[in-house]
Amino acid sequence: MKVLLISVNRERMPYPVYPLGLAYISGDLLKYGHQVYGLDLCLTDHPKKEIIRSIEDKKPDLIGLSLRNLDNLTYPDSISYLKEAKDIVEICHKKGDLPVVIGGSGFSLSPKKILTEIKADYGIVGEGEGVLSALIRRIEGKNDSYLDNLISFEDGLLKKSLKASSFDLPDRRVFNPIPYFEQGGMINIQTKRGCPFSCIYCTYPIIEGKNLRLREISSIIYEIKMITTSFSIDYIYFVDDIFNFPPDYAKSLCKAIINEGIKIRWTGFVNPAFFDEELATYMKKAGCAGLEFGIDSGDEIMLKNLNKRFSIEDILKASHICKKVGLPFAYYLILGGPGENHKTLKNSFIMMDKLTPTAVIAMVGIRIYPGTKLAEKAYHDGIIKKNDDLIYPKFYISKELKDEIIPIIYEEAMKRRNWIVPGLKINITQNMMEMIRRFKIKGPLWDLIGKMKRPRINPLGNERKK
């Protein structure tokens, strides 16, 4: 069967992201002998024309859509992606009367509602490797059994077990990583799936499960060598929700990169509770060029409210280690969550001043997703109603700060040159990011932005591509 896979994500902030999930799906389909074509709408200025052209040229028998995110996660500048996804499904149905299958992490958060909203024919919940190829066999009349993790528009939920699959190497033949590297400065690699932690807002345990599944170190080394030699890529981003857990696994990976003599730079997300000087030293020797800590707050009470499994002391220690070893580092904050007040907010600003990270990336409010503890808390606190549709952006902002949080963050962030606030366009816009990328700068740009002489509001404007 001829299959056209479309990545519907068009968000380029802070950089275009390689569709890793579709690389895994395409590899599975190619294994079964299907003809697979790829289209990433993030790389085109005319998505509808490109879809029509691809359907006319490739004449696919089935179209698969990947919906990685429901929106841009940014308050108050919030943009939903569902209208565009619905338009894409309509084009596919009108142009070729083709069956449309949708999946992806965004879709998996509320599959029944999203399938009904955008009117695709089938939906794959959770990890799609093996499911799409099995669905094709059923469409071809070769398999009549119900399938794990599949729903259909007509029949509703067929079967949902969220059975976690093993995973290994993605297949990057259908989606060439070079344009993403040229325009985004790095290529993503995943070393593990699943998250055993329970942050109140997080969707990783919902999508990937709580059991941690680790790839073989030798497989990761092979993939790194392959993308460096085949595509001349020299900067990667480890997209694991936590790179350094388990710590021994992270150390083993770093040692393997060092022992193999691989010359690569990379970045990843790190938890301060599992970070020590030995690991930091191995990471730097293995090519780590910067670390991102998702600490969410600089206040001990807020860490507990968000169910973070580390302390202010862990954060202080991690900062000291990064400076001692010589690793640039950024702290990600989510301000305005349950229990946030003037004192806790002030403590975050004071703590960041004390720690002096390379950059601070601050988000205003917390996106509320279905199935999370935050959704339960938001309903209990009257932030949302029972029938609110969370497939569209809704944010938790503490009632005590509801009318004040934006001006407070704006005023305080503008006093600090290393603060980046996407929702308020402080030190970041799409035009600014793409302008910097023209100088072929690799890796995340917070390292560069954090060194600006003064903060800027709406630098270079922010005209989104349509």
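Within the range 11-22, does at least one residue satisfy the condition of being closer than 19 Å to Ile91 by Cβ, in a loop (DSSP other than H, G, I, E, B), charged (D, E, K, R) and at pLDDT below 95? No, that holds for no residue. Residues in the range 444-466 that are within 22 Å of the chain's Cα centre (by Cα) and at pLDDT 70 or above were compared, and the one that is surrounded by the fewest Cβ atoms within 10 Å (Cβ to Cβ) is Leu448.
Residues in the range 410-432 that are at pLDDT below 85 and within 18 Å of the chain's Cα centre (by Cα): Gln430 only. Set side by side, the residues Ser252, Ser232 differ, and just one is on the phi > 0 side of the Ramachandran plot and among the polar types (S, T, N, Q), which is Ser232.
Would you confirm, using the coordinates I've provided, whether Leu253 is over 30 Å from Tyr396 (Cβ atoms), more than 20 Å from the chain's Cα centre (by Cα), surrounded by 19 or more Cβ atoms within 10 Å (Cβ to Cβ) and touching a residue at least 60 places away in the same chain (Cβ under 8 Å)? In short, yes. When you scan the range 204-220, do you find a residue that is part of a loop (DSSP other than H, G, I, E, B), among the charged types (D, E, K, R) and within 27 Å of Gly38 (Cα to Cα), even just one? Looking through the range 204-220, at least one residue is part of a loop (DSSP other than H, G, I, E, B), among the charged types (D, E, K, R) and within 27 Å of Gly38 (Cα to Cα). Please verify whether the range 273-287 includes one or more residues that are within 18 Å of the chain's Cα centre (by Cα) and crowded, with 22+ Cβ neighbours inside 10 Å. No: the range 273-287 contains no residue that is within 18 Å of the chain's Cα centre (by Cα) and crowded, with 22+ Cβ neighbours inside 10 Å. Hey, any hits in the range 145-152 for a residue that's more than 25 Å from Gly27 (Cβ to Cβ), crowded, with 19+ Cβ neighbours inside 10 Å and not hydroxyl-bearing (Ser, Thr, Tyr)? The answer is no, given that none of the residues of the range 145-152 is more than 25 Å from Gly27 (Cβ to Cβ), crowded, with 19+ Cβ neighbours inside 10 Å and not hydroxyl-bearing (Ser, Thr, Tyr).
Here the range 256-265 is the region considered, the condition is being of a type outside the set (Gly, Ala, Ser) and outside any helix (DSSP H, G or I), and the residue that is surrounded by the fewest Cβ atoms within 10 Å (Cβ to Cβ) is Lys263. Condition test on Ile264, is it of a type in the set (A, V, I, L, M, F, W, C) and touching a Ser or Thr at 6+ places or on another chain (Cβ under 7 Å)? So Ile264 fits the description; yes. If only residues of the range 51-68 that are assigned to a loop (DSSP other than H, G, I, E, B) and crowded, with 18+ Cβ neighbours inside 10 Å are counted, the one that is nearest to the chain's Cα centre (by Cα) is Arg68. Among residues belonging to the range 164-194 that are at pLDDT below 95, part of a loop (DSSP other than H, G, I, E, B) and hydrophobic (A, V, I, L, M, F, W, C), point out the one that is nearest to Ala23 (Cα to Cα). By that ranking, first place goes to Leu169.
The values are calculated or read from the model by the stated rules, or taken from the named source; none is laboratory data. Computed from a prediction, not measured in an experiment: that's the story for all the values here. Heads up, the Cβs are rebuilt from the backbone with ideal geometry, glycines too, and the neighbour counts pull from every protein chain shown.
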